[in-house]
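Each value in this text was obtained by applying a stated rule to the coordinates, not by laboratory testing. Here the structure is a predicted model, which means the values were calculated and not measured. Because the Cβ atoms are built from the backbone with ideal geometry, glycine has one as well, and the counts that use them run over all protein chains shown.
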């Protein structure tokens, strides 16, 4: 179903039916619940901290385990698609780079990690240019 068709159908719904639909979705999907809570009570700092912790946990695992690069990237993609807050997305990319670099200092096999860090730096550069963000985001990762 296209977005235009969805909008057309939703316009025909009575208000009570729309409320029931939203409440049903709220209870069935964790991501929708999180989004609606943010929509109704935006706390950008809390949201950023949550996702930074997720990225840090995947990039710098405890007890010598391997970094879960794919899961960290997936968390950033999920954030990007759900919230569309480029400044905060840039902060998450910086967290990925920083945590990945710190993990690479203690890991023996870092080729995949180094490639992912380089790729994330390119993605960060593209995000900064596309959204005309302050170039300070790029200078912050210059040391890594």
Quiz item: Gaussian network model of the chain, Cα springs within a sub-10 Å range: biggest mean-square fluctuation belongs to which of 47, 36, 105?
Solution: 105
Self-check item: Relative frequency of Cα-Cα separations exceeding 20 Å in the range 83-144, percent
Solution: 25
Quiz item: Order of 53, 12, 110 from fewest to most other C-beta atoms within 10 Å?
Solution: 12, 53, 110
Practice problem: Please find, in a Gaussian network model of the chain (springs between Cα atoms separated by less than 10 Å), the residue of 39, 96, 13 whose mean-square fluctuation is greatest. | Solution: 13
Self-check item: Bins of 10 Å from zero: percent of alpha-carbon pairs in the chain
Solution: 10, 33, 28, 18, 9, 2, 0
Quiz prompt | Estimated FRET transfer efficiency (residue 35, residue 10; beta-carbon r; R0 25 Å; 0.05) | solution = 0.90
Quiz item: For 99, 34, what ranking results if the residue with the fewest other Cβ atoms within 10 Å of its Cβ goes first?
Solution: 34, 99
Quiz item: Given the options 97, 54, 32, which has the most mean-square fluctuation in a GNM of the chain, springs set between C-alpha atoms less than 10 angstrom apart?
Solution: 32
Quiz item: For helix 44-59, what angle does its Cα long axis make with the longest principal axis of the chain, in degrees from 0 to 90 and rounded to 10?
Solution: 50
Quiz prompt | Ranking of 140, 66 by count of other Cβ atoms within 10 Å, fewest first | solution = 66, 140
Quiz item: Nearest 10 degrees, 0 to 90: what angle lies between the long axis of helix 15-28 and the longest principal axis of the chain (Cα atoms)?
Solution: 30
Quiz item: Using Cα atoms only, what is the angle between the long axis of helix 3-12 and the major principal axis of the chain, expressed in degrees (0 to 90) to the nearest 10?
Solution: 30
